[in-house]
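Below is one structure, written out as structure tokens, with a few remarks after it.
Read-outs throughout are calculated quantities, based only on the coordinates presented, and are distinct from any laboratory measurement. None of the values given here were measured: they were computed from a predicted structure. Note: ideal-geometry Cβ built from the backbone for every residue, glycine included; neighbour counts use all protein chains shown.
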Amino acid sequence: MNEGVPAKAAMKKPPVILYTDESMQEAAAKMYHMKNYDAPVIDDAGHVVGSLSGDTLMTAMMKGLSPQTKVEEMMERQVSAVLEGDLPLPSFKWNPATIPVVNESRNLTGILYPEEWFAAVEKDAKQRRDILEALLNGEEEGVVVIGDGHKVIFSNRQAEKLLSIHSGDRITDVLDKNKITDVLSDQLSEETYSFYVKDKKMRVKKQTITAGKKTFIALWFKEMAPSFTNGEEEGWKEKAEQMETILELAYDGIIMVDRHGVITMISKEYASFLEMDEQDIIGRHVTDVIEHTRMHIVAETGKPEIADIQPIKGDYMVATRLPIFKDGKLEGAVGKVLFKNLGGFKALKKRMEKLEKELANYRGDWNETNRAKYQFDQLIGTSSEWTKAKELALKASETESSVLLLGESGTGKELFAHAIHNASPRSPGPFVKVNCAAIPNDLIESELFGYIEGSFTGAKRGGKKGKFEAADGGTIFLDEIGELPIHMQVKLLRVLQEREVEKVGATSAKPVDIRVIAATNRNLEKMIGEGDFRLDLFYRLNVFSIHIPPLRERPEDIEQLVPYFLKKLSLKLGKEVKYIDRTAMDTLVKYNWPGNTRELENVIERTANVVDSYQTITSVHLPDKLTGVKVKEKPEPLSEQMREAEKQAILHALRYTEGNKSQAAKLLGVSRTALYEKIARMK
């Protein structure tokens, strides 16, 4: 009832405002002649911090307090303020004389008097009742609402005209008692009936309404058809029979509904197909008679539907649904159906279903690939630096600004990007991941921006959508942004500035609605000095920068990460490995972890493979690089040892070059593309 009367709608300008540093003498001067009023008390920031009533002020003076006593020492601190947009009713239970009204910043904007708010509520309720009554009186149908004892508590003008019924009447005294009693006692909350009222055939729709703890029944009455004189009726019947015969011959079935979806006519063939009698069908809502029908939708929207394949009775039929207009006004709909000799249509339907299933699979695969998987509660750790990074990321999720994630390899930058997207308003949209280092230079432009058909040799027919376009409405995560070629940095800058992309070979740009999250383990400021990264692009990306601390700077988090990884890997490996002794845990905590969290997870997985189910992990099970002790183990195959040696060589080169893959490739004597492929296999 009072949804539309927030505090702001009924508040007044405060006649008196007190400040915490004012004296009792100053307060008394302001509140002179103010009766039954609680003056709000605010601090220097304009925030409401208390209230002071005239009674409290008088009591303080009678107790002999100094006139210089501060308001802050006398005020009531348990003040119940309401926001401008809130409903103040819960605050009235304390029976306050006045209630302060504040904005979102908690600054005082007005004062609310309970009696004035209740008056506003009453006025709003009356306005709503008047609007509702006007709407119901404008209905073409007669509307009657029945309360206790079959008493009419409301009837619109059309009901009074059709039924000669008024508020206060007992409906059983006005209409056929037996029929109306059957309708009212029917346990169905919604149903449509058909019977005669004063020699007029009426369609009666019933709906049960619950308001508070009371239940009412609303009835809609509509006259089904006009009456005719005997001569007119005979002529009309003859024409109707001719038309019905034509329709029966032209189609397997015909059906008509009014604009409410109630059936007004059905052909004999269609009724027979439905295994029902025509008279039992007419007057009922079409959804109660025909499964999977859309006739009521066409009657409501006025939009035709041609040759739709409709499931029915475990089979299919072809249905065409057309709206019926009279003098430009939508009156209902007519449906024409074919349910005989539909072998070809059924084969086509099965083919369509197969194609739709394949499309759903492809769409599901795309959604699975382009969605964020991790939430903030999956960023394990409680150290101060880690908590600070999470808090910054949570704030970043509330904005539309670009985010730059900085940190060493393996610290969890991608997990942060996932969490920011999932906590943002863009979470329903796609989350598109791009590893800038893994795409060859000659393909990166077409991958990011897409291309049109015929733009270059080998271009797909119909062209291709780029990563930026795929991320429209969501987030794009540009990992290893420091590896982006300088010529692509210019195009990325345009996307960030103009929010539009231009496909390779296109002559015009297309606007995109994206949020960019970038990540790097390189020193971008150093790259700017060396001319490898654009300063203007850095400023565009570095709007909201977050440093992800390396694992060696938060060793206390290892004791939370290890159980988390063990639980995760137990599910993956199909074995129960839950426990690790104190000595082994201390060894993990003391290790430097150059590969950060990724290396820790690798060590835990390797260890979980070594131990048996329910066995406690000890130092013996840890790699010797952590313990410094050579453990007698069965040697791995030569291919595995070579792969591990290659991996360690790559990690060493990357640490030496501070993550610069181009320099690392030169030191290792391999091409950058070959290095990228090896790194991808390592992951």
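Under 5 Å between amide hydrogens, built in the peptide plane, is the criterion, and for S167 it picks out S155 among residues at least 5 positions away or on other chains.
In order along region 654-659, phi translates into HN-Hα couplings of 5, 5, 5, 9, 6, x Hz, rounded to whole numbers, per the Karplus curve 6.51 cos²θ - 1.76 cosθ + 1.60 with θ = phi - 60° and x for Gly and Pro. Shown for R672, R499: other C-beta atoms within 10 Å of each C-beta, ranked fewest to most, produce the order R499, R672. Among the chymotrypsin sites (Phe, Trp or Tyr not before Pro) in region 582-683, those placed in a DSSP loop whose Cβ has at most 13 other Cβ atoms within 10 Å are Y614. By the gyration tensor of its Cα atoms, with a ≥ b ≥ c the square roots of the eigenvalues, what is the shape of the chain: rounded for a/c under 1.5, prolate for a/b over b/c, or oblate? Taking the square roots of the gyration eigenvalues as a ≥ b ≥ c, the chain is oblate.
Shown for region 7-120: lysine pairs separated by 8 or more places, or found on different chains, whose C-alpha atoms are under 18 Å apart, numbering 5. Cross-link pairs exceeding 27 Å between alpha carbons, from the set K179/K329; K205/K268; K177/K200; K388/K465: K179/K329; K388/K465. Ranked by how many other Cβ atoms sit within 10 Å of their own Cβ, fewest first, the residues H292, H150 fall in the order H292, H150.
Placing +1 on the Cβ of every Lys and Arg and -1 on the Cβ of every Asp and Glu, with nothing else charged, gives the chain a dipole about its Cα centre of roughly 1880 debye.
Relative contact order of the chain, taken over Cα pairs closer than 8 Å and 6 or more residues apart, is 7 percent. For the Cα atoms of the chain, what angle does the longest principal axis make with the long axis of helix 230-250, in degrees from 0 to 90, nearest 10? Here the helix axis deviates by roughly 30 degrees. Under the simplified labelling scheme, the K526-I131 pair shows an inter-label distance of 6.5 nm, with each label point 7 Å from Cα along Cα→Cβ. Bridgeable aspartates and glutamates around K214 (alpha carbons under 16 Å apart, same-chain partners fewer than 8 residues away excluded): D148. What the Cβ-Cβ distance of Y196 and S570 gives, at R0 = 60 Å and to the nearest 0.05, is a FRET efficiency of 0.20. For region 138-223, the square roots a ≥ b ≥ c of the C-alpha gyration tensor eigenvalues yield an a/c under 1.5, which makes the shape rounded.
The lysine pair count for region 550-630, using Cα distances under 16 Å and pairs eight or more places apart or on different chains, is 4. Remark on I580: its backbone amide H falls under 5 Å from those of I617, a criterion applied only to residues 5 or more positions apart or on other chains, H modelled at 1.01 Å from N. Region 420-454 and region 527-564 have their alpha-carbon centroids 21 Å apart.
Counting neighbouring beta carbons within 10 Å and listing from fewest to most, the residues T301, T597 come out as T301, T597. Charge tally for G463 (other residues, Cβ to Cβ under 15 Å; Lys, Arg +1; Asp, Glu -1): +2.
Please give me the summed charge of the neighbours of V611: other residues whose Cβ is under 12 Å from its Cβ, Lys and Arg +1, Asp and Glu -1. With Lys, Arg at +1 and Asp, Glu at -1, the neighbours total -1.
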